[in-house]
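Accompanying notes for the structure given below.
The values are calculated or read from the model by the stated rules, or taken from the named source; none is laboratory data. Just so you know, these numbers come straight off a predicted model, no measurement behind them. Reconstructed Cβ throughout: ideal geometry from the backbone, glycine too, with neighbour counts over all protein chains shown. Heads up: the accessible areas ignore ligands, DNA and RNA and are worked out on the full protein's heavy atoms, side chains in. Shrake-Rupley method; radii C 1.70, N 1.55, O 1.52, S 1.80 Å.
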Amino acid sequence: MINVIAVGLGGFVGAVLRYLIGLIPLNEPWTFPIKTFGINVAGCIAIGIIAALAARSDSLNPQLLLFLKVGVCGGFTTFSTFALETADLIKDGNIFVSFCYVLLSVLVGVAVIFAVEYFTLKWR
């Protein structure tokens, strides 16, 4: 049960941070989603640092790791987990699998969004 609480609290922190960053007013003269991109990159940096520290030390509290990796980074952005898994696949020599994972994740994710929007608007 403590693991669930750690993830839940971390998710709360990550989600609130993402929301607050979204409130930052920017004069964006372009259509590129700079805040989301920045959140995703920051999440990748954070989960990379956490994973590296966890790999170097066996003494880190497992609940703290769940709080940070699954909770905070997961609540902040799921892209960070996607990037970590892709990096792990590449490090393990699974280049083809990592390529398929990236390609399919992006293509299927975007296709699902289009499908959901299409059917939602069509049945309105």
Of the residues that sit in region 76-124 and are acidic (Asp, Glu) and over 23 Å from Thr36 (Cα atoms), which one is nearest to the chain's Cα centre (by Cα)?
-> Asp88
Of the candidates Leu60, Leu66, the one satisfying the condition of being part of a loop (DSSP other than H, G, I, E, B) and aliphatic (A, V, I, L, M) is Leu60
Counting just the residues of region 88-123 that are open to solvent by less than 50 Å² (accessible area, probe 1.4 Å) and more than 14 Å from Asn40 (Cβ to Cβ), which one comes out modelled with the lowest pLDDT?
-> Ala115
Cross-chain or 6+ apart pairs with Cβ under 8 Å, region 74-91 first and closer than 17 Å to Gly14 by Cα and touching a residue at least 24 places away in the same chain (Cβ under 8 Å), then in a helix (DSSP H, G or I) and of a type in the set (Ser, Thr, Tyr) = Gly74/Ser80; Gly74/Thr81
Does region 61-73 contain any residue that is at pLDDT below 90 and either open to solvent by less than 80 Å² (accessible area, probe 1.4 Å) or of a type outside the set (Val, Ile, Thr) (or both)?
-> no
Of the residues in region 1-50 that are of a type in the set (Gly, Ala, Ser) and more than 19 Å from Phe82 (Cβ to Cβ), the one that is least open to solvent (accessible area, probe 1.4 Å) is Ala6
Which one of these does Ala55 not meet: (1) open to solvent by less than 90 Å² (accessible area, probe 1.4 Å); (2) more than 19 Å from the chain's Cα centre (by Cα); (3) more than 29 Å from Ala6 (Cα to Cα)?
-> (3)
